[in-house]
Every structure is written in structure tokens, then in C-alpha cells.
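**Student:** Right, I'll just put the structure down here and ask away after.
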Amino acid sequence: MIKINAAVDQIELSGIRQFDEWVSKIDGVSKLTLGEPNFVTPQHIMDATKRALDQGKTHYEASAGNPELRRATAEYYNEKFELNYRASNVLVTVGATEAIATALKTITAPGDYVLIPVPCYPAYLPLMALQGVKPIFMDTRATNFRVTAALIEETLGQNKDKSIVGFIFNYPTNPTGISYDCAELSAIKDILKMNGIWVMSDEIYCELTYDQPHISMASLYPEGTILIMGLSKSHAMTGWRIGFVLAEERLITAMKKVHQYHVTTAATLSQVAALEAVTNGKQDSVSMRDIYQTRRDRLVTLLKKIGYNLIKPDGTFYLFVQVPEKLKVTSVEFCRKLAIQEKVAVIPGSAFTEFGEGYFRVSFAASDEQLEKVVIALKNIGH
């Protein structure tokens, strides 16, 4: 038999997507599974894209991205998060996932190691495996799912013999919704800088924070941060597949090579939409965020009232909820029963590595009717 790459053979499809596909076969199921806003892309963005299509803008864009979009993106994030980027510090990618893959390909070599707090968004691990890079897990369960400078320092001390070149830092965090204040970020930055470690800071949910303003790692550690951004969550643009990398110019120049040979360039019409979003849609996320916050507050109150343990999220549109211990079931068993018996679908915590076992993730990017249904369902199955 003709062989395929062993690394591909060893990775699995996303646990989130696998479970979502399974529950999709259940008639009448209400899904609170995928990380997708339940809003439509703002009308002015769609109108700008329609105009561009009518004008025949269907040809290749520059590999690193439309120059006007790169400039406007730098200005957009500079204004929102007190950064200091220029167009030359921006790479336009095919979503945040390609941004992460391109960053890993650029800064790591097979045999290197990358630090990663767990539980985590599961896509990071296969991207590492395909690059021949190994993760060093940092278990955050003992610190209420928060990664700390002390945990990073301890982990580095236990792995002095390894070539650790990067740290994947996602916040607000998928699946827990945890975020960080300036003091926490400064302490983390000090450890990384002292050890010469790149931080791939995945801040895709940065505009969906609730009780404190988002502080970007790039504002504290610009020389060592590979900032991963995008419009999927902030502007309800998941299907447009536009992401951004913001970093030192020398790194963007290097990443452009990897990006160019992977995808050539991001889609022209999607870049038109992105330009409209970062120029005339600077406040588009505000109304969505306010609605999410109302949902979060209501759902947290109701779930605690019926006996579920959870940490109130600082951002994102997820709740990470503990499976009732008295049920003595795994997270997959719990979520399967919930889907079959109550026709409500959420994601098992084990989809976010083994360190998420015992929990499940609920997306509140859903209608009020769906959220009401999930509370009733969880009350029924938890007793």
C-alpha cells in the first residue's frame, strides 16, 4: 500500500466537529456547540462586498494582504488596544487557524517544544504535530483554569533539557472564558522574556470581554509577541475566513513566505469585507457584546440556581460547566444523554484535551429560546 504522512495518520479530526456532526443527525436537536456567533455579518460589510463584486474585483490580492487593509488593520488594533503597529507589521491570513499554523511553521522546527495551558482549543495540537513540534502541557485546573507566571516558571524548570521556543496563549480562553489583568500579563511576560520565548497570543475573542477591558500581550511584550487576531467573532464573519497576524516586521517578512506557499493570498472579496469592517465597523462588536453579556449573566444565574458549578467567564460566548459528580459519567456520556434524551447539544470537555474531562462547554451565541431550553434540559438530566 502506498503510504501517507504518518503525522497525518496519527492526528484526529476535531473533537468539537465530530461531536457536532454526531448530534446533527438527531432530529429536532438544539445545538449550542460551535464557536459561531448567532448574528449575521453587519449589512454595511455585505453591501461593500457586493459593490466590489459588481466592480469585478475578483483577481489576486497581494500575498501579505491588500496594502490598504494592512494599514487600516494596524490602525484598528492600535486604537482599540494601545498598540504601535504599521502596515508592515500585518499579515492577512485565511482565518486565525491559518495564522497559527503559519506562525508555528515560521518559528519552530521539528523536535522543538511549545508550552500550552490546558484545557485548550483543540486545533493547536494537530498543527503542532504536523510540524513535528511537541506540546508541554500546563494543567490549569488547580488555579481555576488560569495560567500563572509561577506555573510557567515551574514548567520551564522541569524541562530545562528541552528546546522550548514558544508559548500558545489564548485569552479570553476557549473553552473557559477566562481572561487576565495587567498584573497577571506583566508577570507572564517577564518569565517569557527572561527565557527568550515567543508568545503566540491568540486574542480572537478580544472584543468580547465583559467586566474589564482587554489588554493585549502585544502592548507589554511587542518584540516577542505574535498577535493572532481576526473578525470571525467580533463581526460575525466566520465564513469569510479572514485572520490577521501582527508582529515585528522581520517576523512578518518571514511568515509571508510560509503563508504564500500555503494559500497564495486570502480571498480578495473577503479582504474587501475586512477593510469595511476595520474602517467603518469599529463599533460593530459593541451591540453583539452587550447582548452576549446579558445572556451570560442570565445563564450563569440560572445554572447556579439549579446546582451546576461553573466559573463566570470574563469573555467569549462560552460557559465551561462541571458535570455533576453524583451522575458518575464521563463528559461524553453526559453530553450524549443530554442530546438524545433532551434534544440539546453541548460539547464534552474532553474535546479540549483530557484536562477538560468532567466539564462541558455551552455556547451562549444562541437565541433566548435555545438558552431557555438548555436550562430546562440540564435541570432534567442533572437530577
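The values are calculated or read from the model by the stated rules, or taken from the named source; none is laboratory data. Everything numeric here is computed off the predicted structure, so don't read it as measured data. Cβ sites come from the backbone with ideal geometry, for glycine too, and all protein chains shown count toward neighbours. Just so you know, the surface numbers come from the protein's heavy atoms only, side chains and all, with ligands and any DNA or RNA stripped out. Shrake-Rupley method; radii C 1.70, N 1.55, O 1.52, S 1.80 Å.
**Student:** Let me confirm something: among ILE100, ILE136, which residue is within 30 Å of ASP9 (Cα to Cα), among the β-branched types (Val, Ile, Thr) and in a strand (DSSP E or B)?
**Tutor:** Numbers: ILE100 fails: in a strand (DSSP E or B).
Just one listed residue meets the conditions, ILE136.
**Student:** Here's a follow-up. Evaluate the following for GLU276: is it under 25 Å from the mean Cα position of the chain (by Cα) and assigned by the TED database to the domain that holds CYS120?
**Tutor:** So GLU276 passes the test.
**Student:** On to the next question. Consider GLU207 carefully, then state whether it is in contact (Cβ under 8 Å) with a residue 60 or more places away in the chain and open to solvent by less than 30 Å² (accessible area, probe 1.4 Å).
**Tutor:** Working: in contact (Cβ under 8 Å) with a residue 60 or more places away in the chain: yes; open to solvent by less than 30 Å² (accessible area, probe 1.4 Å): yes.
Against the criterion (in contact (Cβ under 8 Å) with a residue 60 or more places away in the chain and open to solvent by less than 30 Å² (accessible area, probe 1.4 Å)), GLU207 qualifies.
**Student:** Another question, if that's okay. Pull up region 146-163, narrow it to residues that are acidic (Asp, Glu) and out of contact with any strand residue (DSSP E or B) (no Cβ under 9 Å at 6 or more places or on another chain), then point me to the one that is least open to solvent (accessible area, probe 1.4 Å). Spell out the reasoning first.
**Tutor:** Filtering region 146-163 for residues acidic (Asp, Glu) gives 153-154, 161.
From what is left, the residues that are out of contact with any strand residue (DSSP E or B) (no Cβ under 9 Å at 6 or more places or on another chain) are 153, 161.
Working: GLU153: 109, ASP161: 128 Å².
Selected residue: GLU153.
**Student:** Quick one: in region 196-225, which of the residues that are outside any loop (DSSP other than H, G, I, E, B) and polar (S, T, N, Q) is nearest to ALA99 (Cα to Cα)?
**Tutor:** Of the residues in region 196-225, the ones outside any loop (DSSP other than H, G, I, E, B) are 198-202, 209, 217-220, 222-225.
Going one step further and asking which of them are polar (S, T, N, Q), we end up with 201, 209, 219, 225.
Numbers: SER201: 11, THR209: 22, SER219: 19, THR225: 13 Å.
The residue in question is SER201.
**Student:** Quick check on region 236-255: of everything there that is open to solvent by 10 Å² or more (accessible area, probe 1.4 Å) and not hydrophobic (A, V, I, L, M, F, W, C), which residue is nearest to THR102 (Cα to Cα)?
**Tutor:** Step by step, filter region 236-255, then rank; the result is THR253.
**Student:** Picking from THR93, THR143, which residue would you name as being without any contact (Cβ under 8 Å) to a residue 12 or more places away in the chain and either open to solvent by less than 20 Å² (accessible area, probe 1.4 Å) or of a type in the set (Ser, Thr, Tyr) (or both)?
**Tutor:** Numbers: THR93 fails: without any contact (Cβ under 8 Å) to a residue 12 or more places away in the chain.
Among THR93, THR143, only THR143 is without any contact (Cβ under 8 Å) to a residue 12 or more places away in the chain and either open to solvent by less than 20 Å² (accessible area, probe 1.4 Å) or of a type in the set (Ser, Thr, Tyr) (or both).
**Student:** Output the residue which, of all residues in region 103-133 that are assigned to a strand (DSSP E or B) and under 19 Å from the mean Cα position of the chain (by Cα), is surrounded by the fewest Cβ atoms within 10 Å (Cβ to Cβ). If you could, list the steps in order and put the result at the bottom.
**Tutor:** Just the residues of region 103-133 that are assigned to a strand (DSSP E or B), to begin with: 113-118.
Add one more test, that the residue is under 19 Å from the mean Cα position of the chain (by Cα), and what stays is 114-118.
Working: VAL114: 24, LEU115: 24, ILE116: 22, PRO117: 26, VAL118: 19.
Restricting to residues being assigned to a strand (DSSP E or B) and under 19 Å from the mean Cα position of the chain (by Cα), the top hit is VAL118.
**Student:** Filter region 347-376 down to the residues that are open to solvent by less than 10 Å² (accessible area, probe 1.4 Å) and more than 20 Å from TRP22 (Cβ to Cβ) and list them by number. Even if it seems obvious, please write down each step before you answer.
**Tutor:** Filtering region 347-376 down to residues open to solvent by less than 10 Å² (accessible area, probe 1.4 Å) leaves 347-349, 352, 356, 360-364, 366, 371, 374.
Selection gives PHE364, LEU371.
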